[in-house]
1. Would you confirm whether any residue within the range 52-65 is open to solvent by less than 10 Å² (accessible area, probe 1.4 Å), among the hydrophobic types (A, V, I, L, M, F, W, C) and outside any loop (DSSP other than H, G, I, E, B)?
2. Quick one: count up the residues across the range 1-37 that are farther than 14 Å from Leu97 by Cβ and among the acidic types (Asp, Glu).
3. Scan the range 100-117 residue by residue and report those that are touching a Lys or Arg at 6+ places or on another chain (Cβ under 7 Å) and more than 11 Å from the ligand (Cβ to nearest atom).
4. Return the only residue of Glu56, Glu15 being within 25 Å of Tyr126 (Cβ to Cβ) and charged (D, E, K, R).
5. Do we find a residue being open to solvent by 10 Å² or more (accessible area, probe 1.4 Å), of a type outside the set (Val, Ile, Thr), assigned to a loop (DSSP other than H, G, I, E, B) and in contact (Cβ under 8 Å) with a residue 60 or more places away in the chain anywhere in the range 103-123?
6. For Pro19, state whether it is open to solvent by 80 Å² or more (accessible area, probe 1.4 Å) and under 30 Å from the mean Cα position of the chain (by Cα).
7. Given the options Leu97, Leu41, Leu75, Leu91, name the one that is within 16 Å of the ligand (Cβ to nearest atom), on the phi < 0 side of the Ramachandran plot and not in a helix (DSSP H, G or I).
8. With respect to Lys82, is the statement that it is assigned to a helix (DSSP H, G or I), open to solvent by 60 Å² or more (accessible area, probe 1.4 Å) and modelled with pLDDT under 95 true?
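The values are calculated or read from the model by the stated rules, or taken from the named source; none is laboratory data. Predicted model, so just to flag it, every value in this text is computed and none were measured. All Cβ positions, glycine included, derive from the backbone under ideal geometry; neighbour counts span all protein chains shown. All accessible areas refer to the heavy atoms of the entire protein, side chains included, with ligands and DNA or RNA removed. Shrake-Rupley method; radii C 1.70, N 1.55, O 1.52, S 1.80 Å.
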Amino acid sequence: MFCMSVQVKFNVQIERIAPTKLYPFERFFRGFDEIPAIRELFGRATKRVLHNLKVEFLSARFGYMGTSDVDGHLLISSNHLKNGDFDTVYLDLVHELCHVNQFRKGKPLFYPKLSYVDAPSEIEAYRFTVKEGRRIGLTDAQLLDYLKMEWISKKEHLRLARHVGVAGKPNVKRGHRRHLQK
Ligand SMILES: [Zn+2]
């Protein structure tokens with residue numbers, strides 16, 4: 001039934017295929033092609049990849065950022081883009097660009113049978129992000145905060161930190177991304 005683009009019932013017509021509005025990445029995010037970590041990811045294709053990359057902005061309660069496993073475009077919460085602190089938004093972009101590269105290489109982005117923190121795609125992307133986080137001056141305590149997301153448990157948080165080589169005791173009082181939730 002969903003393969004039909006227009007469906008008619010009760011004297012109404014419903015167009016079942018909604019268009020997705022995509023924007024060029026470079027319209028919103030500039031200078032990434034000069035970041036050594038990003039050049040390390042895409043090599044000589046860096047400029048071309050970023051030039052061709054598309055972004056979809058989502059409103060409402062869509063979490064933070066994601067990468068489509070259908071065509072490799074970025075999904076970004078406009079709320080997070082507006083309200084997230086600069087370092088977090090920057091690191092989230094670095095993280096997603098790592099997924100973009102995984103997609104380009106034909107690697108899976110999602111592992112439905114594994115916990116989020118054990119998915120090889122996430123471990124690789126978080127390791128990469130942590131490395132860049134250290135370069136911009138974040139401490140292990142701040143990185144540990146960065147790794148805390150509402151949808152993972154305390155145990156998973158610690159496991160993720162271990163997977164990516166971040167040490168320390170989590171700050172239980174202040175979840176890094178908690179302030180984004182209203
Ligand atoms: Zn990810």
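1. Checked the range 52-65: at least one residue is open to solvent by less than 10 Å² (accessible area, probe 1.4 Å), among the hydrophobic types (A, V, I, L, M, F, W, C) and outside any loop (DSSP other than H, G, I, E, B).
2. Within the range 1-37, residues that are farther than 14 Å from Leu97 by Cβ and among the acidic types (Asp, Glu) number 1.
3. none
4. On the way: Glu15 fails: within 25 Å of Tyr126 (Cβ to Cβ).
Unique residue meeting the criteria: Glu56.
5. Checked against the condition, which is being open to solvent by 10 Å² or more (accessible area, probe 1.4 Å), of a type outside the set (Val, Ile, Thr), assigned to a loop (DSSP other than H, G, I, E, B) and in contact (Cβ under 8 Å) with a residue 60 or more places away in the chain, the range 103-123 yields no hits at all.
6. Values: open to solvent by 80 Å² or more (accessible area, probe 1.4 Å): yes; under 30 Å from the mean Cα position of the chain (by Cα): yes.
So Pro19 passes the test.
7. Values: Leu97 fails: not in a helix (DSSP H, G or I); Leu41 fails: not in a helix (DSSP H, G or I); Leu91 fails: not in a helix (DSSP H, G or I).
Testing whether each residue is within 16 Å of the ligand (Cβ to nearest atom), on the phi < 0 side of the Ramachandran plot and not in a helix (DSSP H, G or I) leaves just Leu75.
8. Details: assigned to a helix (DSSP H, G or I): yes; open to solvent by 60 Å² or more (accessible area, probe 1.4 Å): yes; modelled with pLDDT under 95: yes.
For Lys82, the condition - assigned to a helix (DSSP H, G or I), open to solvent by 60 Å² or more (accessible area, probe 1.4 Å) and modelled with pLDDT under 95 - is met.
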